[in-house]
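Asker: Dumping the structure here so I can ask a few things about it.
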Amino acid sequence: MTELVEHGQLFIGGEWTDPLGTDTIRIVSPHTEQVIGSVPHACEADVDRAVAVARKAFDEGPWPRLSLEERIAVVSRIKDAIAVRHEEIARSISSQNGSPYSWSVLAQALGAMMVYDSAIKVAAAYPYEERRQGALGPILVRREPVGVVAAVIPWNVPQFVAAAKLAPALLTGSSVILKPSPEAPLDSFILADIAREAGLPEGVLSILPADREVSEYLVGHPGVDKVAFTGSVAAGKRVMEVAARNLTRVTLELGGKSAAVILPDADLAVTVAGIVPAAWMNNGQACVAQTRILAPRSRYEEVAEALAAAAGALVVGDPLDPATQLGPLVAERQQQRSLDYIRIGQEEGAKVLAGGGRPAGLERGWYVEPTLFGDVDNSMRIAREEIFGPVVCLIPYGDEAEAVRVANDSEFGLSGSVWTADVEHGIDFARSVRTGTFNVNTFSLDMLGPFGGYKNSGVGREFGPEGLSEYLEHKMIHLPAGA
């Protein structure tokens with residue numbers, strides 16, 4: 001049985017502080033459906049306090065005025081402490097959102113550590129100031145920290161996404177108010193301890209678990225200079241709308257309905273071994289999941305049989321069991337959403353090749369079988385709408401031109417992959433797909449390059465120098481001739 005974890009204070013400006021409100025957030029295990037923890041629910045007055053101390057820390061405090069090397073030293077201590085405590089972090093996240101423990105170790109905890117490590121490398125090499133010859137004389141171009149950042153993160157990969165926003169913000173000298181999801185706030189209290197021990201100055205970091213109403217108040221706060229948001233398309237549009245009232249800068253990492261395209265010459269064993277974890281990762285609760293698999297009609301039956309067998313072999317169960325490959329969904333509403341889409345897919349005429357309901361023997365917990373639909377047309381709702389659960393579509397195509405059209409026929413453009421015996425041809429195929437990241441014969445996310453989406457998948461980029469730039473203002477200083 002998971003130990004009950006209860007927190008009574010909020011982390012505001014680096015100090016544990018009594019909340020100004022009385023509401024609490026109860027965290028429920030998606031495996032047992034029992035309460036496993038509680039934290040204070042931040043109120044608008046808590047947001048005001050956090051923004052005030054963040055504003056003071058940026059406007060008057062030492063953090064943005066330290067040398068880059070001094071900030072790197074602090075962020076490096078955060079990274080190192082996450083590495084030391086990675087098992088604790090992984091267990092906390094798996095207990096809250098149902099991620100398989102083995103995946104939480106690699107992607108949730110150690111993945112977050114890698115984000116900090118990559119950001120440190122990028123920050124150390126970034127050109128914060130450079131002289132250029134302008135059209136009218138010499139100019140000096142400076143990149144300066146954006147200010148107070150509101151970082152709003154989801155429940156599916158909380159530490160990874162927090163790191164994607166905290167690392168560049170802190171390294172460039174900004175202060176941050178982190179707003180975790182009410183479904184998965186417990187790991188953020190571990191992060192608060194780590195940040196405090198790492199030596200962040202007063203006011204630089206606050207962590208405020210809260211619901212959408214308080215999140216909207218934070219996003220619309222006039223003391224915030226930038227909002228960094230990860231979540232659904234609908235929520236992202238609302239964030240942009242609210243932030244626009246103050247012309248607050250916004251980056252949005254939103255949803256996906258990514259296509260994995262199998263070309264006729266692909267090695268099927270290698271392809272299936274690569275696609276299956278990319279399609280059903282984190283119980284299907286991943287924005288980059290390859291949830292549309294495109295197979296040539298000439299090999300469709302072969303592909304369908306191999307994928308169905310692989311999906312059916314996935315081990316479903318307790319997320320804290322190291323053998324589990326697919327755990328429960330984060331909440332009952334997410335379970336029902338997936339079950340509803342399975343019904344919709346059948347009504348639309350798609351054929352269930354694997355899964356299709358609740359797993360046998362798991363009557364308690366918010367479980368859904370890893371489900372594969374065949375005979376899917378790209379116009380069906382199951383192929384167009386982000387389900388955010390373990391439901392994957394297999395779509396047949398004729399020639400390669402049709403495969404490109406289907407891959408691009410989506411309101412999303414976040415990720416994708418192609419599987420082929422000819423890597424150079426795979427690169428050509430990648431160039432034709434309108435998506436922010438793409439893979440050839442692999443599936444990964446490299447934190448030294450830019451990550452983000454086309455179309456409804458978002459605005460702006462994370463990771464790499466492109467992601468660091470999102471946390472910097474660009475200033476031009478005109479110089480006299482000869483300077």
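Asker: For Thr24, which sequence-distant residues (separation of 5 or more, or a different chain) have an amide H within less than 5 Å of its own amide H, given hydrogens modelled in the peptide plane?
Answerer: Placed amide hydrogens put His41 under 5 Å from Thr24.
Asker: Can you list the residues, at least 5 places off or on another chain, whose amide H is less than 5 Å from the amide H of Gly134, using H built in the peptide plane?
Answerer: Here Ile139 satisfy the definition.
Asker: Under 5 Å between amide hydrogens, which residues at least 5 positions from Val368 or on another chain qualify, with H placed 1.01 Å from N in the peptide plane?
Answerer: Correct list: Leu329.
Asker: Spin-label point model (7 Å from Cα, Cβ direction): what's the Arg297 to Glu348 distance in nm?
Answerer: 2.0
Asker: Tell me, in nm to one decimal, what length is gained between Arg196 and Ala234 on full extension, where the rule is 0.36 nm per residue of separation less the Cα-Cα distance?
Answerer: Working: separation 38, 0.36 × 38 = 13.68 nm, distance 3.43 nm.
Taking 0.36 nm per residue and subtracting the Cα distance, the gain is 10.2 nm.
Asker: Over 34 Å, how big is the tail of the calculated P(r) for the chain, in percent of all Cα pairs?
Answerer: On the way: 41612 of 116403 pairs.
For the chain, the share of Cα pairs beyond 34 Å comes to 36 percent.
Asker: Can I ask one more? What pairs from Lys455/Lys475; Lys179/Lys455; Lys237/Lys475; Lys351/Lys455; Lys237/Lys257 go past 27 Å between their alpha carbons? Walk me through the numbers on the way to the answer.
Answerer: Values: Lys455/Lys475 29 Å; Lys179/Lys455 25 Å; Lys237/Lys475 29 Å; Lys351/Lys455 30 Å; Lys237/Lys257 18 Å.
Lys455/Lys475; Lys237/Lys475; Lys351/Lys455, as the Cα separations exceed 27 Å there.
Asker: With a bin width of 5 angstrom, please list the P(r) values of the stretch 100-211 as percents of all Cα-Cα pairs, from the 0 bin to the one holding the largest distance.
Answerer: 2, 11, 18, 22, 17, 11, 7, 5, 4, 3, 1, 0
Asker: Next question. Which GluC sites (Glu not before Pro) from the stretch 111-189 combine a DSSP loop assignment with at most 11 other Cβ atoms within 10 Å?
Answerer: Numbers: sites: Glu129, Glu130, Glu183; in loops: Glu183.
Passing sites in the stretch 111-189 do not exist.
Asker: Also, I was wondering about something else. Within straight cross-link reach of Lys56, meaning Cα distance under 17 Å, which lysines are found once same-chain residues fewer than 8 apart are removed?
Answerer: Counting by Cα, and skipping residues close in sequence, Lys56 has these lysines nearby: Lys226.
Asker: Hey, another quick one. When the convex hull of the Cα atoms of the stretch 324-414 is projected onto a plane and the area is averaged over all directions, what value comes out in nm²? Provide the component values of the computation, followed by the final result.
Answerer: Numbers: hull surface 26.7 nm².
With every direction weighted equally, the projected area is 6.7 nm².
Asker: Extension gain Ser444-Asp399, at 0.36 nm per residue separation less the Cα-Cα distance, in nm? Intermediate values should be presented prior to the final figure.
Answerer: Numbers: separation 45, 0.36 × 45 = 16.20 nm, distance 2.67 nm.
This chain segment gains 13.5 nm when fully extended.
Asker: Separate question: Rg (Å, one decimal) plus Dmax (Å, integer) for the alpha carbons of the stretch 259-446?
Answerer: Over the stretch 259-446's Cα set, Rg and Dmax evaluate to 15.6, 48 Å.
Asker: With each run of n ≥ 4 DSSP H residues scored as -39500 (n - 2.57), what mean residue ellipticity at 222 nm is computed for the chain after dividing by its residue count and rounding to the nearest 500 deg cm²/dmol? Don't jump to the answer; show the numbers that get you there.
Answerer: Details: 15 runs with 179 residues, N = 483.
-11500 deg cm²/dmol, from helical runs alone.
Asker: Give the distance, in whole Å, between the Cα centre of the stretch 336-399 and the Cα centre of the stretch 37-63.
Answerer: Distance between centres, Cα-based: 43 Å.
Asker: What percent does the relative contact order of the chain come to when contacts are Cα pairs within less than 8 Å and at least six residues apart? The partial results should precede the final answer.
Answerer: Values: 1140 pairs, mean separation 89.3, N = 483.
Normalised by residue count, the contact order of the chain is 18 percent.
Asker: Ala323 to Lys455: FRET efficiency via 1/(1 + (r/R0)^6), r the Cβ-Cβ distance, R0 41 Å, to the nearest 0.05?
Answerer: Details: r = 38 Å, r/R0 = 0.93.
Computed FRET efficiency for Ala323 and Lys455 comes out at 0.60.
Asker: Quick one: what are the phi-derived ³J(HN,Hα) couplings along the stretch 435-442, Karplus 6.51/-1.76/1.60 with θ = phi - 60°, whole Hz, x for glycine and proline?
Answerer: Here the 3J(HN,Hα) series is 8, x, 9, 8, 10, 10, 6, 6 Hz.
Asker: For the stretch 139-156, in order, what is each residue's ³J(HN,Hα) by Karplus, 6.51 cos²θ - 1.76 cosθ + 1.60 with θ = phi - 60°, in whole Hz (x at glycine and Pro)?
Answerer: Karplus values, whole Hz, x for Gly and Pro: 9, 10, 9, 10, 10, 10, x, 6, x, 8, 10, 9, 10, 10, 10, x, 8, 6.
Asker: If each residue of separation counts as 0.36 nm, what is the full-extension length gain between Ile427 and Tyr128 once their alpha-carbon separation is subtracted?
Answerer: Taking Ile427 through Tyr128 to full extension adds about 104.4 nm, to one decimal.
Since every read-out is calculated from the coordinates, none of them should be taken as a lab result. Given the structure is predicted, the values throughout are model-derived calculations rather than measurements. Positions of Cβ are generated from backbone atoms using ideal geometry, with glycine treated the same way; all protein chains shown enter the neighbour counts.
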